[in-house]
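First comes the structure, then the notes that go with it.
The values are calculated or read from the model by the stated rules, or taken from the named source; none is laboratory data. Model, not experiment: these values are computed from the prediction. Here the Cβ is made from the backbone with ideal geometry for all residues, glycine too, and neighbour counts use every protein chain on show.
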Amino acid sequence: MKKLILLLTLCASQIIPTYCAAQQSSTAAMPDKADIVKFLDLIHAKTQMEQALDAMAKQTRMGAEQGFKQRVPDATPEQLAKVDAVFNELFTSLPLDQMIDAIVPIYQKHLTKTDLTAIMAFYASPAGQKILTEMPAIMSESMQAGGEIGRRTFEAKSKEFDKKVDDLVRQANTIKN
């Protein structure tokens with residue numbers, strides 16, 4: 001029994017200081033809000049958000065126009081312009097500053113000050129600047145490719161869903177009669 005207590009005490013004396021040091025270093029190493037904002041400025045986060053939202057709006061608008069044309073096959077240009085206007089309103093009223101403020105604690109949670117310093121060094125380098133320059137086009141082209149796949153898949157699934165619902169309606173009407 002004395003050996004067991006001695007062993008547990010020895011283990012605890014090794015584990016507890018390591019655990020406490022890890023806890024202290026992780027909280028002490030947390031970047032402050034100014035560090036995160038500086039990083040977000042370096043990577044042009046606000047501009048990237050605006051561009052991503054613009055690309056998403058274009059994809060959504062195309063989907064909405066296609067959906068409207070399915071419902072109203074002889075849609076006029078004026079009607080399609082109204083559909084576009086609805087989506088323009090949705091995507092222009094997003095509070096980007098609030099979105100930036102909301103992500104600061106997320107970065108603080110996942111990155112230490114040391115991590116952030118190294119990441120900022122990369123983004124300040126020529127390779128980091130290259131990826132920042134090219135990322136909007138990469139994202140836009142990726143969204144177009146993914147959006148097209150999503151539209152085709154949704155269209156097929158939508159037809160499948162409609163057929164299944166029609167079958168259920170027929171079955172329900174057959175039971176009633």
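Give me the residue from the range 134-144 that is among the small types (Gly, Ala, Ser) and modelled with pLDDT under 90 and, out of that set, farthest from Arg71 (Cα to Cα).
Ala137
Conditions first: (1) over 19 Å from Gln51 (Cα atoms); (2) surrounded by 12 or more Cβ atoms within 10 Å (Cβ to Cβ). Ala127 passes all but one, so which condition is the exception?
(2)
Which of the residues that make up the range 87-117 are surrounded by 11 or more Cβ atoms within 10 Å (Cβ to Cβ) and aliphatic (A, V, I, L, M)?
Passing the criteria: Leu90, Leu94, Leu96, Met99, Ile100, Ile103, Val104, Leu111, Leu116.
In this structure, is Asp35 at pLDDT 85 or above, among the acidic types (Asp, Glu) and touching a Lys or Arg at 6+ places or on another chain (Cβ under 8 Å)?
yes
What number of residues within the range 139-158 are under 25 Å from Leu53 (Cα atoms) and surrounded by 11 or more Cβ atoms within 10 Å (Cβ to Cβ)?
Total satisfying the criteria: 13.
Looking at Leu96, Leu10, Leu6, Leu111, can you tell me which residue is at pLDDT 90 or above and either farther than 29 Å from Arg152 by Cα or in contact with a His (Cβ under 6 Å, 6 or more places away or on another chain) (or both)?
Leu111
Under the condition of being farther than 30 Å from Asp162 by Cβ and β-branched (Val, Ile, Thr), which residue from the range 46-99 is farthest from the chain's Cα centre (by Cα)?
Thr92
How do the pairs read when you match residues in the range 111-127 that are without any contact (Cβ under 8 Å) to a residue 60 or more places away in the chain with residues anywhere that are assigned to a helix (DSSP H, G or I), using Cβ under 6 Å and keeping only pairs 6 or more apart or on different chains?
Qualifying pairs under 6 Å: Phe122/Gly128.
With the checklist (1) touching a helix residue (DSSP H, G or I) at 6+ places or on another chain (Cβ under 8 Å); (2) under 15 Å from Ala45 (Cβ atoms) in hand, flag the one item Gln98 doesn't pass.
The number of the failed condition is (1).
For a quick check of your reading: which helices (runs of 4 or more DSSP H) sit entirely within the range 41-111 and have at least 2 residues that are more than 30 Å from Thr133 (Cβ to Cβ)?
Output list reads 45-71, 77-92.
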